[in-house]
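Notes for the one structure printed next.
Every number here is computed from the coordinates shown, using simple stated rules; none is lab data. Note that the coordinates shown come from a computational prediction; the quantities given were computed from them, not determined experimentally. Cβ atoms come from the backbone with ideal geometry, glycine included; neighbour counts cover every protein chain shown.
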Ligand SMILES: Cc1cc2nc3c(=O)[nH]c(=O)nc-3n(C[C@H](O)[C@H](O)[C@H](O)COP(=O)(O)OP(=O)(O)OC[C@H]3O[C@@H](n4cnc5c(N)ncnc54)[C@H](O)[C@@H]3O)c2cc1C
């Protein structure tokens with residue numbers, strides 16, 4: 001995800017699409033003494049896969065609203081860009097509030113990625129009988145391709161934000177932050193992780209999407225700095241392991257009586273054929289065709305995955321676009337964001353840039 005995280009990467013995005021900028025972050029001057037950081041072994045022999053995914057990005061941010069569909073209610077919950085896992089429980093809660101306006105308690109959720117699953121589970125928790133309809137199920141969703149660090153970024157162009165959107169974003173973010181904390185542990189593959197933000201400029205800023213929730217993710221300087229950069233800071237957030245997490249939430253959904261139907265919908269008319277009077281559209285990038293949302297566009301991202309290294313108990317973001325997340329299923333090396341690219345083919349040049357960048361970074365780690 002992370003341009004998702006990387007300040008410099010976001011700067012590059014802003015030059016492509018005006019509107020991304022940064023805010024001062026909540027920074028404590030209290031330095032955190034750092035122990036040893038074991039280096040990631042960035043060697044070709046350790047590469048186990050390269051994966052590609054398309055982030056569902058809308059310059060004006062996610063869509064969270066309801067519209068009538070004949071006598072049914074169609075609630076939209078899509079377009080989460082580079083932070084759909086992060087925001088999933090939060091926008092799900094907002095979608096549930098729309099559904100609760102109707103007295104009927106039967107709902108269809110279209111989509112079985114992180115957003116659809118969270119929405120389906122929260123509807124169940126509010127007494128709904130829910131069927132998930134989806135073209136593809138985990139592990140074949142974009143959500144399975146995510147990094148996935150908890151941080152709301154690469155979501156909206158700064159100059160397209162509105163007061164209403166900001167309010168929805170803050171509500172969703174705070175709700176998701178608290179909800180994910182209830183899932184920390186082995187079963188869901190959610191863990192707290194020290195995240196080192198590595199940079200050459202001592203310029204503590206966060207992506208603008210974090211503006212109103214900066215209190216949740218304060219930075220502390222890392223001293224001494226073990227990285228070959230002028231500065232390093234640390235924040236604490238959660239790392240979500242998509243294969244474990246999505247499987248567990250889908251299992252919870254089934255155990256709570258939910259049905260899953262594999263089915264693709266072409267348009268609004270095909271949705272209106274469903275029996276359920278409430279339909280929640282959680283189709284991610286699929287909404288481009290399903291409801292004709294031309295603003296929705298992909299930001300292609302790819303991850304090079306190395307053999308797991310259990311001793312790596314931290315994450316890094318930077319320098320530049322780069323990021324590294326150490327998960328049970330592998331060490332994730334990322335940092336690519338190709339806007340408007342619909343291809344799922346691996347970009348070899350970008351893969352090489354990310355690989356060499358991390359090789360250099362961990363090769364120069366001070367120990
Ligand atoms: C490389 C990369 C790294 C990322 N890192 C992070 C990260 O660190 N943190 C983070 O929070 N996010 C990250 N993301 C972003 C995250 O993956 C997305 O925001 C998220 O997956 C969107 O979830 P979703 O449920 O909306 O969509 P999806 O996971 O795409 O699910 C959509 C569902 O809808 C179904 N569907 C679509 N169209 C139709 C149709 N017409 N009919 C029926 N079903 C349909 C699909 O089959 C699928 O089941 C990353 C993404 C990439 C590519």
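Taking 280, 156, 249 as the candidate residues, the one with maximal mean-square fluctuation in a Gaussian network model of the chain, Cα springs under 10 Å, is 249. By how many degrees, 0 to 90 and rounded to 10, does the Cα axis of helix 242-255 deviate from the longest principal axis of the chain? The answer is roughly 30 degrees. Pairs of Cα atoms nearer than 8 Å and 6+ residues apart set the relative contact order; for the range 55-103 it is 38 percent. Taking 0.36 nm per residue of separation and subtracting the current Cα-Cα distance, fully stretching the chain between residue 256 and residue 192 would add 20.3 nm. Computed from Cα atoms, the angle from the helix 84-99 axis to the main principal axis of the chain rounds to 20 degrees.
Stretched out straight at 0.36 nm per residue, the stretch from residue 135 to residue 289 would grow longer than its current Cα-Cα span by 54.1 nm.
Measuring nothing but how far apart in sequence close Cα pairs (under 8 Å, 6+ apart) lie, relative to its length, the chain scores a relative contact order of 29 percent. Extending 7 Å from the Cα toward the beta-carbon at both residue 275 and residue 225 defines two label points whose distance is 6.2 nm. Cα centroids of the range 265-284 and the range 67-98: 13 Å apart. Calculate the FRET efficiency for residue 349 and residue 101 from the Cβ-Cβ distance with a Förster distance of 45 Å, rounded to the nearest 0.05. Between residue 349 and residue 101 the formula returns 0.35. Which shape class applies to the range 288-358: rounded if a/c is under 1.5, otherwise prolate when a/b exceeds b/c and oblate if not, where a ≥ b ≥ c are the square roots of the Cα gyration tensor eigenvalues? Prolate, since a/c reaches 1.5 and a/b exceeds b/c. Taking 186, 170, 65 in turn, the Gaussian network model of the chain (Cα-Cα springs below 10 Å) assigns the largest fluctuation to 186.
All Cα-Cα distances of the range 113-220, cut into 10 Å bins from zero to the largest, leave 10, 34, 38, 15, 2, 0 percent in each bin in turn. Taking every Cα-Cα distance in the chain and sorting them into 20 Å bins starting at zero, the pair-distance distribution P(r) comes out as 31, 57, 11, 0 percent.
With only alpha-carbon pairs counted, each pair once and no self-pairs, how large is the Kirkwood hydrodynamic radius of the range 182-274 in angstroms?
So the Kirkwood estimate lands at 17.3 Å.
Relative to the dominant Cα principal axis of the chain, helix 114-125 is inclined by about 50°. Computed from label points 7 Å out along Cα-Cβ, the spacing between residue 264 and residue 342 is 1.3 nm.
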